[in-house]
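> Submitted below is the structure of interest, expressed as structure tokens.
The values are calculated or read from the model by the stated rules, or taken from the named source; none is laboratory data. Owing to the predicted nature of the structure, the values given are computational and were not obtained by experimental measurement. Neighbour counts are summed over all protein chains in view; Cβ atoms, including those assigned to glycine, are modelled from backbone coordinates with ideal geometry.
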Amino acid sequence: MNLKENRWRQRFENFEKAYRQFDLAIQDFDNLSVLEKEGLIQRFEYTLELAWKTLKDYLESEEVLVTFPREVIKSSFHYGLIQDGETWMDMLEKQNLLAHTYDEERFQLAVMKIKDSYYAAITQVYRDLGAKR
């Protein structure tokens, strides 16, 4: 196993740990308090971060050189690692805004977007990369 392949597999292990915590929060969504939903946003943020970095490392192990998150998403879509490129681009654009949802209505919209859209996109990548290990 070469260094780049080893690196993406190690990164995937961290992504997997984050994904499992994110998944637990989504599965128990209807029972979450406001404070716990704030925690869900944080879990989403670090799971997204690890997801794109895992994709980056995987692409590099396949000799596809990418640096920035947008490049990673575009290349991942091009190579079939991501099925819903629009949702991934939306996640990247909205990631920083989600951390600053002080308005109750915006907060609720953000949490629902994570639950109804972003979770499925991250799950698809988690499952597909997991099958490549």
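> Suppose the filter is touching a helix residue (DSSP H, G or I) at 6+ places or on another chain (Cβ under 9 Å) and among the acidic types (Asp, Glu); does ASP84 pass it? If you could, list the steps in order and put the result at the bottom.
Working: touching a helix residue (DSSP H, G or I) at 6+ places or on another chain (Cβ under 9 Å): yes; among the acidic types (Asp, Glu): yes.
Criteria met by ASP84.
> Would you call VAL111 of a type in the set (A, V, I, L, M, F, W, C), farther than 23 Å from LEU129 by Cα, touching a helix residue (DSSP H, G or I) at 6+ places or on another chain (Cβ under 7 Å) and crowded, with 17+ Cβ neighbours inside 10 Å?
yes
> If I ask for residues that are farther than 18 Å from ALA120 by Cβ, under 13 Å from the mean Cα position of the chain (by Cα) and in contact (Cβ under 8 Å) with a residue 24 or more places away in the chain, which ones from segment 52-73 would you list?
Of everything in segment 52-73, just one residue is farther than 18 Å from ALA120 by Cβ, under 13 Å from the mean Cα position of the chain (by Cα) and in contact (Cβ under 8 Å) with a residue 24 or more places away in the chain, namely LYS53.
> So SER75 ticks every box in (1) surrounded by fewer than 17 Cβ atoms within 10 Å (Cβ to Cβ); (2) more than 30 Å from SER33 (Cα to Cα) but one. Which box is left unticked?
(1)
> At pLDDT below 95 and under 14 Å from ALA121 (Cα atoms): which single residue out of GLU45, GLU49 fits that description?
Values: GLU49 fails: at pLDDT below 95.
On inspection, the qualifying residue turns out to be GLU45.
> Please enumerate the residues belonging to segment 1-25 that are crowded, with 19+ Cβ neighbours inside 10 Å and of a type outside the set (D, E, K, R).
Within segment 1-25, TRP8, PHE12, PHE15, ALA18, TYR19, PHE22, ALA25 qualify.
> Follow-up question, since we're still on this one. Going through segment 74-121 one residue at a time, which ones are hydrophobic (A, V, I, L, M, F, W, C), free of Cβ contacts under 8 Å to residues at least 60 places away in the same chain and part of a helix (DSSP H, G or I)?
Residues of segment 74-121 hydrophobic (A, V, I, L, M, F, W, C): 77, 81-82, 88-89, 91-92, 97-99, 107, 109-112, 114, 120-121.
After this cut, where a residue has to be free of Cβ contacts under 8 Å to residues at least 60 places away in the same chain as well, the list is 77, 81-82, 88-89, 91-92, 97-99, 109, 112, 120-121.
Answer for segment 74-121, where residues must be hydrophobic (A, V, I, L, M, F, W, C), free of Cβ contacts under 8 Å to residues at least 60 places away in the same chain and part of a helix (DSSP H, G or I): PHE77, TRP88, MET89, MET91, LEU92, LEU97, LEU98, LEU109, MET112, ALA120, ALA121.
> Here is a further query. Of everything in segment 7-21, what is farther than 18 Å from GLN124 by Cβ and more than 13 Å from the chain's Cα centre (by Cα)? Give them in sequence order.
Passing the criteria: ARG7, ARG9, GLN10, GLU13.
> Also, quick follow-up: Please verify whether PHE44 is touching a Gly at 6+ places or on another chain (Cβ under 8 Å), closer than 28 Å to ARG7 by Cβ, in a helix (DSSP H, G or I) and not basic (Lys, Arg), treating the condition exactly as stated.
So PHE44 does not fit the description; no.
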